[in-house]
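Each reported figure results from applying straightforward, stated rules to the coordinates on display, with no laboratory input. Note that the structure is predicted; figures quoted are calculated from it, not measured. Methodologically, a virtual Cβ is constructed for each residue, glycine included, from the backbone with ideal geometry; neighbour enumeration extends over all protein chains shown.
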Amino acid sequence: MKLFECQNCGQPLYFENTKCESCGLRLGYLPHQEVVTALEEADGGWRALAGEGELYRFCANAEHDVCNWLVPAEQAEIFCTACRHNRTIPDLGDLENLVRWRKIEYAKHRLFYTLLRLRLPLTTRSEDPNGLAFDFLSNPADGAADQAQVITGHAGGLITLNVAEADAPERERQRKSMGEPYRTLLGHFRHEIAHYYWDRLIKGSPVIDEFRRLFGDEREDYAAALQRHYANGPPEDWTDRFVTAYASAHPWEDFAETWAHYFHVVDTLETAFAFGLRLRPKVAKGAGLATAIDFDPYTVEMDRIIDAWLPLTFAVNSINRSMGQPDLYPFILPPAVIWKLTFIHDHTHAVGTDGPRDSEHNAIRAIVAGLKRAVGSPQSTA
């Protein structure tokens, strides 16, 4: 993510800040300008110091302190670009749910930051019956054992999240029970949104054959594949072909895990770029780990991203170990996974804005053809 600063006093800001702690001005986020802006009250609204005189108001969810995004004052929609996709929010009669929801929205808004930076198509349920929507639900109350527990997942554009995932102890319990190296709210959002975009951009598209060469045939019985995975675990060689053990369960999950991983990479590298990070390890073979993160990862080819990512993760893992913390990045990237990440990188950049489906497919077809000409087809991982 970018770094932000107050336009009034220059104070560095976090993405979620609502008030400048230096000069006291109210802050809000302008999603289509990708900037946190200082605000001044004007004519019953807010004038953005980062804007050109336009008036804005806050998203309706700002009253709950779960959103700092702005909406043009003349716009009829009361919710911001991110919040308008919410279908069900937690019961705020439970005060703990407000704390949980705030954490959930912080993660979801970071997801939308990346979606907007990539200019991926977004439609609401009112615009499309299979448009993107979110249900944030709680498990049944104690004593309601006959009712089904809430399962985080995706179906037909609807992403369901169990609000218990916002509680760190519960999330850690789930992480250990599932044998996962990493489990966060943001990770959940990035994984589940991948299923939405698979349906919208890959299913039935000209790149489906290329997808199957890399990820496998998604027509394999999904329920049976998951049952086999949970009964037997991943194949012994999964680290040679998949970014996580769960990715080996089914091609849909491989795509979702790799997509989420790609989002982790570009967001982290953009932050490193904003801080001007340069690495020159002081060891005999340090030259192989030297890099300057002097590029915007949203605008370069995947090979440059990988060349910078590997040294950066070695450095941050070393820093975490110095603090007695687990590795920040507990993954490895074998060549087969890099191919998959490259597919997602080029695919998301080929899509661009909300255009006709044919235009999306033509752009993707050109990207895939270019990849084949440049490096040849990879070995099938099916």
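Once you have the Cα-Cα distance between Q325 and D221, take 0.36 nm times their residue separation minus that, and quote the gain in nm to one decimal.
Here the segment from Q325 to D221 would lengthen by 33.5 nm.
Modelling each spin label as a point 7 Å along the Cα-to-Cβ direction, I'd like the E34/N139 distance in nm, to one decimal.
4.0
Would you mind calculating the gained length between A76 and L49 on full extension (0.36 nm times residue separation, minus the Cα-Cα distance), in nm to one decimal?
In short, 7.4 nm is gained.
Calculate the FRET efficiency for F275 and R183 from the Cβ-Cβ distance with a Förster distance of 30 Å, rounded to the nearest 0.05.
Computed FRET efficiency for F275 and R183: 0.70.
Compute the label zone of E170 within region 77-95: residues whose backbone N is under 17 Å from the point 7 Å along Cα-to-Cβ.
88-95
Express the relative contact order of region 64-122 as a whole percentage, based on alpha carbon pairs under 8 Å and six or more residues apart in sequence.
Result for region 64-122 is 37 percent.
Please name whichever of T271, W238, H250 sits farthest to the positive end of the charge dipole of region 230-280, dipole taken about the Cα centre and charges placed at Cβ: Lys and Arg +1, Asp and Glu -1.
Farthest along the dipole direction, towards plus: T271.
At 222 nm, what value in deg cm²/dmol follows for the chain if DSSP H runs of at least 4 each add -39500 (n - 2.57) and the sum is divided by all its residues, to the nearest 500?
Taking each H run of at least 4 residues, the total per residue is -13000 deg cm²/dmol.
What does the highest-first list of 171-179, 294-302, 340-348 look like by mean Cβ count within 10 Å?
Result, highest mean first: 340-348, 294-302, 171-179.
For the chain, set up a GNM with springs between Cα atoms under 10 Å and report which of V283, V207, V243 has the largest fluctuation.
Ranking V283, V207, V243 by mean-square fluctuation puts V283 first.
Given the convex hull of the Cα atoms of region 167-267, what is a quarter of its surface area in nm²?
It is 7.2 nm².
Just subtract the alpha-carbon distance of L310 and T123 from 0.36 nm times their residue separation and send over the number in nm, one decimal.
63.8 nm
What per residue convex hull volume, in Å³, do the alpha-carbon atoms of region 1-56 yield?
74
For region 153-245, what does the relative contact order come out to in percent, with C-alpha contacts under 8 Å and a separation of six or more?
Reported relative contact order: 19 percent.
Nearest 20 debye, what's the magnitude of the dipole of the chain about its Cα centre given +1 on Lys and Arg Cβ and -1 on Asp and Glu Cβ?
1080
Find the all-direction average of the projected area of the Cα convex hull for the chain, expressing the result in square nanometres with one decimal place.
In nm², the orientation-averaged hull projection of the chain is 22.2.
For region 64-168, take the convex hull of the Cα atoms, compute a quarter of its surface area, and give me that in nm², please.
Its Cα hull, projected and averaged over all orientations, spans 8.1 nm².
Mind giving me the nanometre distance, one decimal, between the label points for Y230 and V99, set 7 Å out from Cα along Cα→Cβ?
For the pair Y230/V99, the computed spacing is 3.0 nm.
Exactly which trypsin sites (Lys or Arg not before Pro) in region 236-315 are in a DSSP loop and have at most 14 other Cβ atoms within 10 Å?
Answer by residue number: K282, K285.
Could you check what % of the DSSP bridge pairs in the chain are antiparallel, to the nearest 5?
If I count the DSSP bridges inside the chain, around 75 percent turn out antiparallel.
So for region 118-204, Kirkwood radius off the Cα pairs, Stokes-Einstein at 10 °C and 1.306 mPa s: how many µm² s⁻¹?
In µm²/s, the coefficient rounds to 109.
Whole-Hz ³J(HN,Hα) for each residue in region 268-284, computed from phi via Karplus 6.51 cos²θ - 1.76 cosθ + 1.60 with θ = phi - 60°, x for glycine and proline: what do you get?
Coupling constants for region 268-284: 5, 5, 5, 5, 4, 4, 5, 8, x, 5, 9, 10, 9, x, 8, 9, 4 Hz.
Using Cα positions and a limit of under 30 Å, work out the lysines in reach of K340, with same-chain residues fewer than 8 apart set aside.
K2, K108, K176, K203, K285, K372
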